[in-house]
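Enquirer: Starting off with a structure, shown below.
The values are calculated or read from the model by the stated rules, or taken from the named source; none is laboratory data. Predicted, not measured: the structure shown is a model, and the values here were computed from it. Calculation scope for accessible area: heavy atoms of the full protein, side chains included, ligands and nucleic acids excluded. Shrake-Rupley method; radii C 1.70, N 1.55, O 1.52, S 1.80 Å.
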Amino acid sequence: MRRPRHLSSEERALWDRVKGTTKPMSPDAKPDPAPLPPVRKTPVMPRDPLPDFQVGQKADAHRPNDLLPSITHRLVNAPVNMDSKSFGKMKRGKLVPEARIDLHGMTMAQAHPELLAFILGSHTLGRRLVLVITGKGKDRDDGGPIPTRNGVLRHQVPQWMALPPLARTILQVTPAHLKHGGHGAYYVYLRRGR
């Protein structure tokens with residue numbers, strides 16, 4: 001049940017002015033009860049995702065530089081949109097992909113149209129499980145203050161698959177089993193054609 005909304009002080013003053021210009025309908029009408037004092041809410045301060053640090057305290061050297069979880073971690077923890085039995089078989093490498101594309105070594109400008117054509121073509125042909133190989137990527141971290149990600153395509157391909165026109169054809173994306181490429185490849189489970 002919804003909690004009642006109380007009048008603010010300005011609304012109460014306006015109501016009192018309007019009420020003073022009216023006449024009661026019956027002589028035994030009761031006046032309004034005294035207004036309740038306004039409830040003061042303490043402001044909730046948003047939590048800082050970083051722990052407090054005191055001057056002189058040693059920093060945790062094992063803490064990752066990137067606050068955003070890795071793409072693999074996000075895909076593994078994504079909700080399962082397909083049949084759970086088939087999903088389990090797919091993750092264990094028991095389902096064989098019907099087709100595959102190797103984007104390894106391509107630039108983003110070359111890989112994006114190839115991926116679009118492959119996924120949309122596979123969906124048109126009625127394929128259900130395809131393998132997209134991106135490669136694990138080269139270690140390009142130059143040691144600067146801003147960390148750089150390994151594997152540009154490995155991080156970009158799932159984002160492309162989450163956007164139209166590919167998103168409407170894809171049911172599930174998950175990292176491939178080791179025998180199909182491990183973290184350098186993705187299983188893409190397609191929706192049934194209509």
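Enquirer: With a/c under 1.5 counting as rounded, go ahead and sort segment 70-141 into rounded, prolate or oblate using the C-alpha gyration tensor (a ≥ b ≥ c being the square roots of the eigenvalues; past the cut-off, prolate if a/b is larger than b/c, else oblate).
Expert: The shape class here is oblate.
Enquirer: If ligands, DNA and RNA are left out, what is the accessible area of ASP16 with a 1.4 Å probe, given in Å² to the nearest 10?
Expert: Approximately 70 Å² for this residue.
Enquirer: Not counting ligands, DNA or RNA, and with a 1.4 Å probe, what is TRP15's accessible surface area in Å² rounded to the nearest 10?
Expert: 110 Å²
Enquirer: Could you give each residue of segment 160-167 its phi-based ³J(HN,Hα) in whole Hz, using Karplus coefficients 6.51, -1.76, 1.60 with θ = phi - 60°, and x for Gly or Pro?
Expert: Along segment 160-167, the couplings run 4, 6, 8, 9, x, x, 6, 4 Hz.
Enquirer: Which entries of LYS91/LYS179; LYS94/LYS136; LYS89/LYS136; LYS85/LYS179 have Cα-Cα distances beyond 18 Å here?
Expert: LYS94/LYS136; LYS89/LYS136; LYS85/LYS179
Enquirer: Could I ask something else about it? At 1.4 Å probe size, with no ligands or nucleic acids counted, give the accessible surface of LYS91 in Å², nearest ten.
Expert: Counting only protein heavy atoms, the figure is 80 Å².
Enquirer: If amide hydrogens are placed 1.01 Å from N in the peptide plane, which non-local residues have theirs closer than 5 Å to the one on LEU129?
Expert: Placed amide hydrogens put GLU98, LEU190 under 5 Å from LEU129.
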